[in-house]
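*Asks:* One structure follows; several queries about it will come next.
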Amino acid sequence: MRASIIHQRNLFGIVTAPRSSIIIRSLPQNTGKYAVSRQFYRSFWRDPSAPRAELSEIFQRIQWPTTQEQEAQVVEGVRTAIWGERNGAIDKRQRHEDKAEAKRRKIENGEEVNLPIYATQFSKEEIDSEERRPKKKVALLMGYSGTGYSGMQLNEQQRTIEGDLFTALVNVGAVSKANAADPKKSSFVRCARTDKGVHAAGNVVSLKMIVEDEDIIQKINAQLSPQIRVWGYEITSKSFSCYQMCDSRVYEYLMPSHCLLPPHPSTYLGKKIVELAEKAGDLDAVTARQEEVASYWEDVDVKYIKPILEALPENIRSLVEKSLYQDESRDALQPSEEKEVSSAPDGEPTQQEASEQPTTEQPADAEAKPFVMDPRQKAINDAIKAIKAAYLTAKRAYRAPASRIARLQECLDRYEGTKNFHNYTIQKTFKDPSAKRHIKSFKVNATPIIIDGTEWLSLKVHGQSFMMHQIRKMVAMAAMVVRSGCHPDRITETYGPDRIAIPKAPGLGLLLERPIFDAYNAKAQGLDRQPINFQKFEAEMNEFKQREIYDRIFREEEESAGYDIIPIPSFDLTQDNTDFDCSFGSFFNHIDHFPAGYFLYVTSGGIPAAKLATAPTAAEPGSPRAGRRGRGAPPAPQAQRDALAAVEVESEDEGDAPAGGEEEG
């Protein structure tokens with residue numbers, strides 16, 4: 001390993017290069033030749049127009065770097081391959097907006113609009129010939145694994161839990177043919193909305209249902225995938241609405257304990273933690289809160305990474321080390337006079353010389369030859385794969401000490417009571433009364449579980465109601481505070497008027513355990529009705545939860561984490577490889593490397609250190625919401641939304657949100 005890499009022990013006890021030689025990710029500056037727009041931050045990780053490209057594309061352009069600018073591009077590509085991943089959130093958002101706009105134009109032009117995918121259209125003759133049967137208002141108790149579904153709520157174009165359930169009810173005759181195209185005709189209401197990929201061991205749907213068949217539950221389940229199970233139903237009062245009558249909900253969130261590890265000291269956030277702690281005179285306090293992980297990254301780099309680097313040829317090692325520990329390449333990407341570097345082997349033509357050599361023009365119909373990596377490029381790619389696998393192995397081997405878990409509990413305690421959670425959802429302002437929610441309890445199980453070599457933590461939150469994305473943002477904020485060595489009181493500060501960008505943790509780990517109907521159940525006996533609870537189905541629910549939810553969470557985290565280390569040649573360069581879910585580690589990697597101040601509120605600089613933008617009081621000019629009235633607040637400022645889209649695993653458009661950003665998840 002080069003001597004320039006190990007010189008200085010920083011806040012976390014990690015030995016790194018001298019401060020003068022480790023430059024934080026430099027952002028391009030506005031110059032006459034190079035203008036930086038707000039779109040830079042939105043496109044930093046994934047957009048092809050950003051000032052970086054995928055490593056595979058770079059390799060096809062640059063066989064081996066022969067100038068400083070070419071070397072900078074390769075270093076940047078290697079860094080992104082090690083630390084970053086593809087994420088299609090922004091592309092999916094644009095596709096959603098395009099589809100919504102196309103549908104709006106069809107409606108305005110009087111064109112035919114297709115029925116929702118969950119609707120079943122019967123002819124007038126079929127409807128008229130159907131025997132009319134009595135309906136009962138019921139509470140349908142169910143559970144599901146949200147993987148592969150676009151959330152719980154009905155969606156006209158995408159497969160959802162409610163969509164599959166409603167179709168099954170129609171198929172077995174529990175909903176009449178006359179109501180088969182419109183769930184509202186059956187008073188179809190959910191108790192709790194869950195986001196895309198979120199699970200539920202227990203949830204409730206209320207509706208008017210035909211219940212004459214004693215085997216109706218078995219028949220409904222026969223129409224559903226194994227991911228969705230209906231446990232049973234209870235006949236309720238005619239005015240019953242599971243959404244209105246629900247007193248509170250209990251959610252569980254599962255996450256690997258390595259989510260509590262501090263940012264790597266070479267990352268943007270890792271450097272800012274040290275810099276702002278020194279500036280605020282808070283270094284000793286931050287160091288004390290990171291005591292149990294002070295030497296973690298030093299130990300990992302020495303045990304896992306150093307042997308990989310030492311085994312590489314000098315020219316390969318130089319590029320990989322710069323990608324891991326230095327960050328000078330982005331400055332070099334700005335227009336400048338190219339300077340030759342000595343990394344080209346003797347006797348080989350430089351890139352410029354190669355470009356000046358005559359080329360044979362290929363016929364227009366000639367097949368393009370498949371790209372074949374240069375041996376040096378393959379060596380870089382193999383090193384990337386080995387380094388990512390090493391970091392992954394180290395994270396899975398991590399076991400959170402009791403003191404670390406206790407710090408997490410300190411953060412969760414700050415959520416209990418009635419607070420203003422306007423920063424933990426969308427479409428809410430500080431002055432919106434509905435942003436205030438009551439959390440009864442938020443606890444982490446002090447005894448982690450080990451699944452396939454990875455340690456997992458279970459967090460359970462009990463609240464009266466939750467807003468869109470609220471739980472996932474609460475989990476993300478608590479984890480960010482712990483891993484950054486921040487004081488837990490920073491969470492209390494988020495209830496103030498300042499608007500900050502809090503990302504939502506992966507939906508993979510969230511599941512609705514059960515809704516609670518204490519007030520209704522107390523009155524049910526007087527109404528000659530049975531109480532609504534899940535206790536009688538506990539055995540089936542536990543088996544389903546283990547098989548379809550817990551095992552799926554553990555398996556998908558394992559698979560998505562493994563996806564990070566697939567070598568670049570295995571990607572089909574002609575296909576869109578962006579539409580997949582990332583692991584928990586990838587989520588925090590994106591936050592740690594995001595090259596702007598939006599998430600610096602977890603440093604000693606506090607909320608003022610973040611790139612704040614006060615919540616607007618009117619819709620942004622030109623936005624779809626401009627000039628249109630509605631219950632919800634306008635979208636968050638564009639720059640904040642772009643920052644969140646850049647780091648979140650999956651990002652649904654705010655246009656998908658219910659009015660006012662209400663409902664669960």
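The values are calculated or read from the model by the stated rules, or taken from the named source; none is laboratory data. Keep in mind that what you see is a predicted model, and the values were worked out from it rather than measured. Note: ideal-geometry Cβ built from the backbone for every residue, glycine included; neighbour counts use all protein chains shown. When the accessible area is computed, the model is the full protein with side chains, heavy atoms only, and any ligands, DNA or RNA have been set aside. Shrake-Rupley method; radii C 1.70, N 1.55, O 1.52, S 1.80 Å.
*Asks:* Ignoring ligands, DNA and RNA, please state the percent of accessible area on region 366-469 from carbon and sulfur, probe 1.4 Å.
*Replies:* Its accessible area is 56 percent carbon and sulfur atoms.
*Asks:* With every protein chain present, what is the per residue accessible area of region 380-446 (1.4 Å probe, Å²)?
*Replies:* The answer is 39 Å² per residue.
*Asks:* Sorted by average packing, counted as other Cβ atoms within 10 angstrom per residue and highest first, what order do 243-250, 443-450, 480-487, 585-592 take?
*Replies:* Packing proxy ranking, top to bottom: 480-487, 585-592, 243-250, 443-450.
*Asks:* Shifting gears a bit: By how many nm would the segment from R159 to Q60 grow when fully extended, if each residue of separation counts as 0.36 nm and the alpha-carbon distance is taken off?
*Replies:* Gain in length upon complete extension: 31.8 nm.
*Asks:* For I127 paired with E558, estimate the spin-label separation in nm (one decimal), with each label point 7 Å from Cα along the Cα-to-Cβ line.
*Replies:* So the label points at I127 and E558 sit 5.0 nm apart.
*Asks:* Another question about this same structure. What are the ³J(HN,Hα) couplings of region 116-129, residue after residue, when phi is run through the Karplus curve with 6.51, -1.76, 1.60 and θ = phi - 60°? Round to Hz, x for glycine and proline.
*Replies:* Per residue, the Karplus-derived 3J(HN,Hα) values read x, 5, 8, 7, 10, 9, 9, 6, 4, 5, 5, 5, 5, 7 Hz.
*Asks:* Counting only heavy atoms of the protein chains, get the accessible area per residue of region 141-199 (1.4 Å probe) and round it to a whole Å² value.
*Replies:* Per residue, region 141-199 has an accessible area of 29 Å².
*Asks:* Please work out how much length the chain gains when fully extended from I117 to N445, using 0.36 nm per residue of separation minus the C-alpha to C-alpha distance, in nm with one decimal.
*Replies:* Stretched fully, the I117-N445 segment lengthens by 114.0 nm.
*Asks:* Could you please report the charge total around G417, scoring K, R as +1 and D, E as -1 over all other residues with beta-carbon less than 13 angstrom from its beta-carbon?
*Replies:* +3
*Asks:* Also: Roll a 1.4 Å probe over the protein heavy atoms and report the accessible area of Y398 in Å², nearest 10.
*Replies:* Near enough 20 Å² of accessible area.
*Asks:* Could you sort the peptides 217-224, 146-153 by per-residue average Cβ neighbour count (10 Å cutoff), highest mean leading?
*Replies:* So the order, starting with the most tightly packed, is 146-153, 217-224.
*Asks:* If you don't mind, another one. With a probe of 1.4 Å, find how much accessible area region 514-564 has per residue, and write the answer as a whole number in Å².
*Replies:* Per-residue value: 58 Å².
*Asks:* Hey, another quick one. Per-residue HN-Hα couplings for region 486-498, Karplus 6.51 cos²θ - 1.76 cosθ + 1.60 at θ = phi - 60°, whole Hz, x for Gly and Pro?
*Replies:* 8, 6, x, 5, 4, 5, 4, 5, 5, 7, x, x, 5
*Asks:* Further, regarding this structure: Rounded to the nearest 20 debye, what is the charge dipole size of region 196-327 about its Cα centre when +1 sits on each Lys and Arg Cβ and -1 on each Asp and Glu Cβ?
*Replies:* 480
*Asks:* Hey, what do the phi angles of region 274-286 turn into as Karplus ³J(HN,Hα) couplings, whole Hz, using 6.51/-1.76/1.60 and θ = phi - 60°, x for Gly and Pro?
*Replies:* Values per residue, Gly and Pro as x: 5, 4, 6, 5, 5, 5, 8, x, 10, 5, 5, 5, 5 Hz.
*Asks:* Please list the non-local residues whose amide H lies under 5 Å from the amide H of Y233, H modeled 1.01 Å from N, same-chain partners needing a gap of 5 or more.
*Replies:* L141
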